[in-house]
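Here the structure comes first, spelled out in structure tokens, and everything after it is commentary.
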Amino acid sequence: MLTGELRNKVDQVWNAFWSGGIANPLEVIEQITYLLFLRALDSDQTREENKAVRFKTQPVRIYPAGNDARGRPFDDLRWSRFKGFSPAEMFTVLSEHVFPFLRGLHASEGEAASSAFAHHMRDARFTIPAPALLAKVVDLLDTIPMDDRDTKGDLYEYMLGKIASAGQNGQFRTPRHIIQLMVALTAPMPKDTICDPASGTCGYLVAASEYIREQHPQALRDAKLNAHFHRGMFHGYDFDNTMLRIGSMNMLLHGVEHPAIQYRDSLAQGHADDAGAYSLILANPPFAGSLDYENTAKDLQQIVKTKKTELLFLALFLRLLKTGGRAAVIVPDGVLFGSSKAHKELRRKLVEEQKLDAVISLPGGVFKPYAGVSTAILLFTKTMSGGTDHVWFYDMKADGWSLDDKRQPLLADADLGLNPAYDGRNLLSDEVHAKNNLPDVLARWGERDGSETKRPRTAQSFCVPKADIEANGYDLSLNRYREVVHAGVAHRKPTQILAELKRLEAEIAAGTKALEDLLT
């Protein structure tokens with residue numbers, strides 16, 4: 001948990017960037033990210049030197065011996081050295097020496113130099129506009145305890161949160177509590193191989209890593225599982241180099257040493273080599289627009305013939321998952337009830353050929369202020385042999401935050417998020433539940449094959465047999481199956497209400513005609 005003092009310092013630096021002429025929050029984050037990496041590199045070099053002294057060996061050199069191409073000693077490029085320079089000299093060292101060194105770091109040897117972050121430094125740019133601002137940022141970052149994974153991870157998450165609050169580039173941010181819900185619903189295991197094909201800031205991968213640490217701490221004490229955690233578990237794709245750097249640093253600061261964060265257009269041709277490679281997919285892919293058939297992977301077109309990105313990403317998830325793999329992904333509501341042939345076929349495949357587990361309808365303002373589209377979480381398991389007996393539906397009305405553009409918390413911190421202090425039903429008060437449904441979602445998800453199957457369709461959550469879904473053309477919108485209650489009227493389905501309205505319309509038309517006949 002960040003202290004108020006540290007938050008205030010970050011806010012001061014953020015404001016200094018803005019007053020200094022850097023208006024893009026992504027650029028602010030990027031520049032701070034470079035500096036955090038430089039401090040981490042210096043710490044790694046110091047650790048290697050101490051190890052060499054202890055074991056009387058030659059240290060691994062992240063910073064080479066001697067001088068760089070401009071005659072500056074490489075040791076001056078280390079954080080522990082340049083942080084003591086005057087602002088003007090520090091500015092010269094960073095702009096003329098450190099950043100050229102960073103751009104060539106991906107070709108260097110050594111553990112730190114070969115990290116995922118180092119591989120995305122080829123076009124690193126130094127854009128801090130003034131020596132005074134640089135000195136202020138360096139002084140702030142130097143006070144952060146970098147040995148504390150929680151502190152530096154929370155700091156970075158706090159800065160990333162400013163992307164959304166600035167209302168710019170917010171499409172890269174899924175609310176953290178929604179991410180944590182999706183991770184908890186899928187319950188990652190130490191042997192999982194996890195992928196986010198639209199990784200952005202790597203929020204899903206970070207949350208999955210934190211879940212493993214909290215729920216399976218013994219796994220990191222096992223040499224084989226520890227190696228898998230740091231080198232084989234986490235995979236993320238993006239085609240924005242800035243996001244690759246930010247996402248890689250997010251993982252690094254949260255204690256994952258070598259995640260596979262790669263440049264890739266996930267829907268393009270030529271990436272079928274990892275088909276069936278992952279046991280868990282967590283994603284909120286971009287779902288605005290369409291692609292040309294020529295630019296889309298042919299194997300995805302074989303799953304569903306469409307140009308729409310939201311359907312293509314679902315096809316991609318099915319391709320990437322191994323048999324038995326599971327997914328929790330966010331989709332726009334149009335995927336649930338779209339009437340095109342592609343929409344219907346993809347839903348049919350999920351229900352008939354795979355195992356569709358759940359549809360969780362999200363509140364309409366979850367992604368405000370930068371998007372107001374209605375969305376849902378789909379949870380499914382790849383079986384290639386069916387297995388859908390029933391589908392669990394949950395109508396989430398509140399997530400703990402206001403659903404307007406301000407997105408202010410509606411509850412005390414203790415009552416926000418998944419809130420493990422409550423079990424979702426017995427201890428969660430009606431007042432808290434009315435403002436935060438997340439604990440209830442998680443608790444009832446655990447009963448989806450038990451008591452939830454007996455819940456009436458007037459409830460907030462209920463199960464629908466596969467036969468009903470098939471009879472409704474594989475429509476997956478919750479309102480298609482909800483039963484409503486009117487005063488003095490029995491429970492009725494929307495289809496029953498529509499039929500009654502049509503009957504009343506016919507009676508009115510007949511009565512009108514009879515009256516006209518009488519008057520003539």
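With the simple model of a label 7 Å out from the Cα in the direction of the Cβ, residue 5 to residue 18 spans 2.5 nm.
If contacts are Cα pairs under 8 angstrom and at least 6 residues apart, what is the relative contact order of the chain in percent? Once divided by the residue count of the chain, the mean separation gives 9 percent.
FRET efficiency for the pair residue 149 and residue 340, taken as 1/(1 + (r/R0)^6) with r the Cβ-Cβ distance and R0 = 41 Å, rounds to 0.30. Shape class of segment 4-157 from the alpha-carbon gyration tensor: prolate, with a/c at 1.5 or above and a/b greater than b/c. By how many degrees, 0 to 90 and rounded to 10, does the Cα axis of helix 203-215 deviate from the longest principal axis of the chain? Helix 203-215 and the main axis of the chain meet at about 90 degrees. With respect to the chain, whose longest principal axis is taken over its alpha-carbon atoms, helix 494-519 is tilted by about 40°.
Would you tally the net charge around residue 124, using a Cβ to Cβ cut-off of less than 14 Å, leaving residue 124 out, and scoring K and R as +1, D and E as -1?
Working: positive: 103, 122, 125, 245; negative: 27, 30, 96, 123.
Net charge around residue 124: 0.
Can you list the residues of segment 1-21 with backbone N under 19 Å from a point 7 Å past the Cα of residue 139, pointing along Cα to Cβ? 5-21, by backbone N distance to the label point. The slack in the chain from residue 414 to residue 484, taken as 0.36 nm per residue of separation less the alpha-carbon distance, amounts to 21.8 nm. Take the Cα of residue 508, step 7 Å toward its Cβ, do the same at residue 468, and the gap between the two points is 2.9 nm. In loop segments of segment 314-372 as defined by DSSP, there are no trypsin sites (Lys or Arg not before Pro) with at most 10 further C-beta atoms inside 10 Å of their C-beta. How far, in degrees from 0 to 90, does helix 131-142 lean away from the longest principal axis of the Cα atoms of the chain, to the nearest 10? The answer is roughly 80 degrees.
Need the full-extension length gain, residue 516 to residue 176, defined as separation in residues times 0.36 nm minus the C-alpha distance. One decimal, nm.
Values: separation 340, 0.36 × 340 = 122.40 nm, distance 6.34 nm.
Length gained between residue 516 and residue 176: 116.1 nm.
Stretched out fully, how many nm does the piece from residue 272 to residue 50 gain, at 0.36 nm a residue minus the Cα gap?
On the way: separation 222, 0.36 × 222 = 79.92 nm, distance 4.44 nm.
Gain in length upon complete extension: 75.5 nm.
Divide by every residue of the chain the summed helix terms, -39500 (n - 2.57) for each DSSP H run of at least 4, and state the resulting mean residue ellipticity at 222 nm, rounded to the nearest 500 deg cm²/dmol. Each step should come with its number before you reach the end.
Details: 20 runs with 218 residues, N = 520.
Per the formula, -12500 deg cm²/dmol.
When each of 431, 447 is scored by the number of other beta-carbon atoms lying within 10 Å, the sequence from fewest to most is 431, 447.
Computed from the coordinates by the stated procedures, all read-outs in this text should not be read as laboratory data. It should be emphasised that the depicted structure is a prediction, and the values quoted were computed from it without experimental measurement. For neighbour counting, all protein chains shown are included, and Cβ atoms are generated from backbone atoms with ideal geometry for every residue, glycine included.
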